[in-house]
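In what follows, a single structure is set out as structure tokens and then discussed.
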Amino acid sequence: MLGEGMLKGMAETAKNFVGSFFSAKRLTTVQYPEERIAPFEAARVFPFLVYDAKNPADPADWLVGMRCVACQICEKECPPKCIFIEKSKDKKPDALGKQQFYPARFDIDISVCMSCQICVEVCPFEAIKMDTEFELSTDDRFGGLLLDREQLAKSNEYYHQIHATEAAAVDDHLAEGKVKAEAKTTAVAIAGAIRGAEVPPPAKPAETPAADAASEASAARTAPVTKTAKRPTGAGN
Amino acid sequence: MTEFNSHSATVAEMQESPRSEHWNRPAHIEPSGDGELLEVAMGPHHPSTHGVFRMDVALDGERVIRLRPVFGYLHRNHEKIAEGVSYLASMPYTDRLDYICPITNNWAYALAVEKLTGQAVPERAEYLRVILGELTRFQNHASSIGFLIQEMGASGTPLMYAFREREKILDLFEKLTGARMMVNYMRFGGCRVDASPAWMNVARKTVAGLTEFADEFERLLTSNEILMARTQGVGILKPELAVNAGVTGPMLRASGVNYDIRKVDNYGIYDRFDFRVPLGDHGDVYDRFMIRTLEMRESIKILQQALKDIPDGPIMDPKAKIRGFRPKPGEAYGRIEAPKGELGFYLISDGGPSPYRYRIRPPSLINLTILEDMCLGQNVADVVLIFGSVDIVLGEVDR
Amino acid sequence: MKTVEEIKAAIEAAVPGAGVEIVSNPSPSAQHSLRLAPGQAFAVAKFLRDDADLALDFLSNATGIDWPDKEFGEKVQVTHRISKPVDGPGRKKTQIVEEVVEETRIRVEPGWLEAVYHLYSVAKRHGPVVLRMRTINRTDQVELPSLTPIWRSAEFQEREIFDLYGIVFTGHPDLRRLLMWDEFKDHPMRRDYREPDDFEYEPTAHDDVLNRTLEHHAAIAGQEEAGAGE
């Protein structure tokens with residue numbers, strides 16, 4: 001019969017149409033933004049800097065606990081070169097307790113970032129991870145999509161919320177590293193005592209330059225990022 | 001050497017232009033009537049051109065007398081960018097070539113670098129590559145058929161069925177790699193992330209549902225009279241011309257040429273899987289549609305075998321370098337059977353951190369070489385179908 | 001499939017006077033190439049396609065490569081004859097003395113453009129056979145014979161090489177730019193291509209781009225001052 005093929009096809013369409021009132025398999029539309037699907041654990045959008053919260057009452061806690069040591073490996077490996085880092089002049093303890101530089105400036109231009117997560121893959125300090133936040137639209141086309149280090153800094157607790165298994169594995173890895181680092185300093189101390197040389201004093205928790213860091217951060221933010229911006233020569237130089 | 005200006009040549013000028021006597025130039029179609037031609041630019045802003053693509057057609061009424069494809073609207077000079085960044089940094093850029101099939105783009109690039117350095121790939125990584133590659137092929141063929149039918153006027157219904165299934169496959173990609181499309185998954189010497197047992201279970205469930213979808217899709221489309229009337233006998237491509245014009249992929253096999261790089265080169269571990277290569281008889285649009293449908297079924301077969309046999313083990317050689325990767329000087333050409341055709345990467349290394357020359361052999365661009373031949377003498381409406389059956393993606397054509 | 005040496009022998013037997021050289025490839029891929037002299041390249045290609053054993057009926061990839069001019073600074077011992085004043089009794093005398101001085105001379109080895117072709121056989125299922133052709137220099141002698149009449153798949157690929165590198169293929173039926181627009185002037189894939197300055201906003205510029213951005217903005221500031229000063 002002429003038209004038999006079309007009727008067979010229309011039977012399929014009818015099955016789907018009627019079925020969509022009864023079975024979830026046929027009605028797969030999610031009414032976003034009223035309904036949302038929970039993101040998968042592995043999902044990645046843009047990077048963020050992890051900090052270990054030491055003193056939640058402190059407003060500059062994010063800088064104190066930041067794991068990033070400004071080694072600039074992510075900056076070099078980033079394919080579209082959307083990361084800009086300036087090292088600090090002084091040092092602060094990192095996640096393993098060692099005195100390290102930290103970033104005076106850490107800018108990511110998320111209008112350029114292509115979410116490839118190569119920066120996460122090459123970071124030796126577990127300092128930069130992928131976020132799942134994607135509703136980031138702004139009306140400032142040029143500066144609004146340039147995230148500085150304060151906007152990028154998020155706590156380790158947040159990291160556990162978005163990527164639970166990954167964060168647990170990172171914590172284990174850092175704990176191992178800390179144990180090894182402490183074992184090393186104890187071994188050095190013992191060796192020094194045996195030799196009779198003067199034991200170097202144990203590393204004091206460094207005076208966190210909280211006041212300096214806060215003024216530095218505000219200076220960096222007031223340097224205007226205008227439409228025809230050159231590299232502002234200000235804080236951190 | 002006279003060049004013709006594609007905007008103003010008359011039929012007489014075209015017939016006088018220099019041609020080599022060896023060349024497979026298409027026959028000129030004699031226009032009827034007074035010889036005046038209507039010149040139309042189809043695209044670049046056009047719903048049926050699969051991206052920013054323009055065709056300058058010269059029409060005699062409804063018949064096509066001349067057709068010139070014009071592209072370059074999406075040219076991002078990826079090849080030059082690759083000369084400035086490291087080998088690893090080019091991997092996310094390859095995702096964006098044929099953006100419907102990022103996994104196979106990654107695979108072709110990783111294969112070319114592995115040929116350049118002689119790096120071996122662990123077995124579990126090869127199985128993962130095959131599983132993800134065949135899932136990519138399945139969703140590419142389903143989407144391609146969906147778009148073709150939409151251009152026939154089906155207002156997107158089969159396309160949305162294909163997309164509903166494609167969502168399940170994209171969810172699998174997101175669970176494994178973190179991104180639905182731009183996966184950045186292959187590395188030189190293996191894969192980036194291992195698949196957990198939970199992911200394998202979801203993958204098996206998804207693949208089990210693909211057969212039902214393929215059946216439903218066929219019941220919806222294959223014996224549809226409108227489809228058959230519009231596609232049978234349209235856009236015929238002879239096998240000798242197809243081979244000479246460098247056509248590869250489902251288009252070549254629809255013309256009856258038995259050349260599937262998975263069988264010819266046996267790259268990866270494809271020689272362990274039992275699958276057939278469907279071939280067409282006529283080389284028309286209907287054959288290309290049928291070949292894609294049959295290849296979807298063969299992909300399901302490969303997926304079932306791979307999911308059953310995948311061994312445990314490492315997915316990457318622990319000594320393989322991620323940073324500071326400097327292959328020794330030399331060159332290599334590596335190719336795979338991507339869903340669109342033969343995707344090849346030609347790399348020349350001078351011992352530095354970036355390649356000296358990085359060339360992508362794009363199947364979509366080369367399949368377009370005989371677009372004019374297939375469309376001459378046909379109606380404008382058929383041009384849209386023939387073009388849809390070539391199955392191109394502009395990211396790959398323009399790079 | 002035959003080895004590269006055997007293919008070279010077969011070509012030389014079939015096309016007398018074909019200047020064929022083997023270019024060896026040090027990588028593990030062992031894909032050695034055959035360098036053809038442009039004069040007989042067309043005849044060689046026809047033989048490769050039509051030969052019963054080789055049957056290379058499928059041109060997979062055709063691409064261009066830019067090998068820029070190389071500058072070498074050489075330290076050369078140069079003998080100069082100088083007349084030097086000599087002290088002596090009486091009036092001043094000059095004497096011709098030979099002095100050996102070391103100079104750095106810059107020697108420029110001219111570069112060339114190259115076209116590479118990868119051939120496979122669909123009938124015999126073997127390959128690849130890699131062909132190479134070089135132009136004489138990068139400036140005015142950039143012609144090579146087109147292989148499009150033999151393998152139609154070279155049509156768009158040779159157009160792309162013309163567009164991005166500047167090699168002119170003689171005998172190509174329709175040699176126009178492919179990816180860039182027709183009125184475009186330069187050849188973008190050459191190693192010395194400089195992109196136009198369009199740095200409106202570069203917040204994370206690095207290295208070369210940073211230098212050019214700063215220059216660009218300095219130039220604009222200078223122009224504005226000059227304009228405001230009038």
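The values are calculated or read from the model by the stated rules, or taken from the named source; none is laboratory data. Treat the numbers as computed from the prediction; the structure is a model and nothing was measured. Positions of Cβ are generated from backbone atoms using ideal geometry, with glycine treated the same way; all protein chains shown enter the neighbour counts.
Among residues belonging to the stretch A:88-108 that are modelled with pLDDT of 85 or more and surrounded by fewer than 20 Cβ atoms within 10 Å (Cβ to Cβ), point out the one that is farthest from residue A:178 (Cα to Cα). Going through the qualifying residues, I end up with A:89. Here the stretch B:231-262 is the region considered, the condition is being at pLDDT 90 or above and of a type in the set (Lys, Arg), and the residue that is farthest from residue B:273 (Cα to Cα) is B:253. Report yes if some residue within the stretch B:119-139 is polar (S, T, N, Q), more than 17 Å from residue B:341 (Cα to Cα), in contact (Cβ under 8 Å) with a residue 40 or more places away in the chain and in the same structural domain as residue B:337 (by TED's automatic domain parsing); otherwise report no. Scanning the stretch B:119-139, I find at least one residue that is polar (S, T, N, Q), more than 17 Å from residue B:341 (Cα to Cα), in contact (Cβ under 8 Å) with a residue 40 or more places away in the chain and in the same structural domain as residue B:337 (by TED's automatic domain parsing), so the answer is yes.
A single member of C:82, C:22 is outside the structural domain of residue C:130 (by TED's automatic domain parsing) and either part of a loop (DSSP other than H, G, I, E, B) or of a type in the set (A, V, I, L, M) (or both), and it is C:82.
With the condition kept exactly as written, say whether any residue in the stretch B:85-105 is among the β-branched types (Val, Ile, Thr), at pLDDT 90 or above, assigned to a helix (DSSP H, G or I) and over 22 Å from residue C:65 (Cβ atoms). Yes, the stretch B:85-105 has at least one match.
When every residue of the stretch B:100-114 is checked against the conditions, none turns out to be surrounded by fewer than 22 Cβ atoms within 10 Å (Cβ to Cβ) and within 13 Å of chain A (Cβ to nearest Cβ). When C:54, C:48 are checked against the criterion of being under 24 Å from residue B:366 (Cα atoms), in contact (Cβ under 8 Å) with a residue 12 or more places away in the chain and not in a helix (DSSP H, G or I), C:54 stands alone in meeting it.
Applying the criterion of being among the polar types (S, T, N, Q) and either under 12 Å from residue A:67 (Cβ atoms) or free of Cβ contacts under 8 Å to residues at least 24 places away in the same chain (or both) to the residues of the stretch A:113-138, the residue that is surrounded by the most Cβ atoms within 10 Å (Cβ to Cβ) is A:138. Could we say that residue A:49 is under 25 Å from residue A:134 (Cα atoms) and either in contact with a Pro (Cβ under 8 Å, 6 or more places away or on another chain) or among the aliphatic types (A, V, I, L, M) (or both) here? Spelling it out, residue A:49 is indeed under 25 Å from residue A:134 (Cα atoms) and either in contact with a Pro (Cβ under 8 Å, 6 or more places away or on another chain) or among the aliphatic types (A, V, I, L, M) (or both).
Here is the figure for the stretch A:94-118: residues that are touching a helix residue (DSSP H, G or I) at 6+ places or on another chain (Cβ under 9 Å), more than 14 Å from chain B (Cβ to nearest Cβ) and either among the aliphatic types (A, V, I, L, M) or outside any loop (DSSP other than H, G, I, E, B) (or both) total 8.
Of the residues in the stretch B:319-341, at least one is touching a residue at least 12 places away in the same chain (Cβ under 8 Å), over 20 Å from residue B:57 (Cα atoms), touching a helix residue (DSSP H, G or I) at 6+ places or on another chain (Cβ under 6 Å) and among the acidic types (Asp, Glu). Restricting the stretch A:38-86 to residues that are among the basic types (Lys, Arg) and within 14 Å of chain B (Cβ to nearest Cβ), the residue that is farthest from residue B:173 (Cα to Cα) is A:76.
Scanning the stretch C:115-152 for residues that are assigned to a loop (DSSP other than H, G, I, E, B) and either touching a His at 6+ places or on another chain (Cβ under 8 Å) or within 11 Å of chain B (Cβ to nearest Cβ) (or both) turns up C:122, C:123, C:124, C:125, C:146, C:147, C:148, C:149, C:150, C:151, C:152. Any idea which of (1) at the interface with chain B (Cβ under 9 Å from one of its Cβ atoms); (2) within 17 Å of the chain's Cα centre (by Cα); (3) in a helix (DSSP H, G or I); (4) not hydrophobic (A, V, I, L, M, F, W, C) is the one residue C:155 doesn't satisfy? So residue C:155 meets the others, but not (2). Of the set (1) closer than 26 Å to residue C:175 by Cα; (2) assigned to a loop (DSSP other than H, G, I, E, B), all apply to residue B:67 but (2). Among the residues of this structure, residue B:303 counts as one that is more than 11 Å from every other protein chain (Cβ to nearest Cβ) and closer than 30 Å to residue B:289 by Cβ.
Would you point out the residue of the stretch A:139-161, among those that are more than 11 Å from the chain's Cα centre (by Cα), free of Cβ contacts under 8 Å to residues at least 40 places away in the same chain and within 19 Å of residue A:44 (Cβ to Cβ), that is surrounded by the fewest Cβ atoms within 10 Å (Cβ to Cβ)? So, considering only residues that are more than 11 Å from the chain's Cα centre (by Cα), free of Cβ contacts under 8 Å to residues at least 40 places away in the same chain and within 19 Å of residue A:44 (Cβ to Cβ), the one surrounded by the fewest Cβ atoms within 10 Å (Cβ to Cβ) is A:161. Per the conditions (1) in a strand (DSSP E or B); (2) within 11 Å of chain C (Cβ to nearest Cβ), the sole criterion not satisfied by residue B:369 is (1). Count of the stretch C:25-41 residues, restricted to those that are in a loop (DSSP other than H, G, I, E, B) and among the polar types (S, T, N, Q), is 4. Residues of the stretch B:51-89 that are free of Cβ contacts under 8 Å to residues at least 40 places away in the same chain, more than 14 Å from chain C (Cβ to nearest Cβ) and surrounded by fewer than 18 Cβ atoms within 10 Å (Cβ to Cβ): B:61 alone.
Here B:264, B:243 are screened, and the one residue that is crowded, with 21+ Cβ neighbours inside 10 Å, among the β-branched types (Val, Ile, Thr) and within 13 Å of another protein chain (Cβ to nearest Cβ) is B:243. Would it be correct to say that residue A:90 is acidic (Asp, Glu), free of Cβ contacts under 8 Å to residues at least 60 places away in the same chain and either over 30 Å from residue B:89 (Cα atoms) or touching a Pro at 6+ places or on another chain (Cβ under 8 Å) (or both)? Judged against the criteria, residue A:90 is not a match.
The residues of the stretch A:72-113 that are within 15 Å of the chain's Cα centre (by Cα), more than 14 Å from residue A:146 (Cα to Cα) and among the hydrophobic types (A, V, I, L, M, F, W, C), listed by number, are A:73, A:74, A:78, A:95. Can you name the residue in the stretch C:176-217 that is aliphatic (A, V, I, L, M) and without any contact (Cβ under 8 Å) to a residue 24 or more places away in the chain and is also nearest to the other protein chains (Cβ to nearest Cβ) among such residues? Within the stretch C:176-217, the match that is nearest to the other protein chains (Cβ to nearest Cβ) is C:179.
Number of residues in the stretch C:118-134 that are of a type in the set (Val, Ile, Thr) and touching an Asp or Glu at 6+ places or on another chain (Cβ under 8 Å): the value is 1. Condition check for residue B:361 on (1) under 14 Å from the mean Cα position of the chain (by Cα); (2) in contact (Cβ under 8 Å) with a residue 60 or more places away in the chain: one failure, at (2). In this structure, does residue B:171 turn out to be under 25 Å from residue B:325 (Cβ atoms) and either basic (Lys, Arg) or at pLDDT 90 or above (or both)? Answer is no for this residue.
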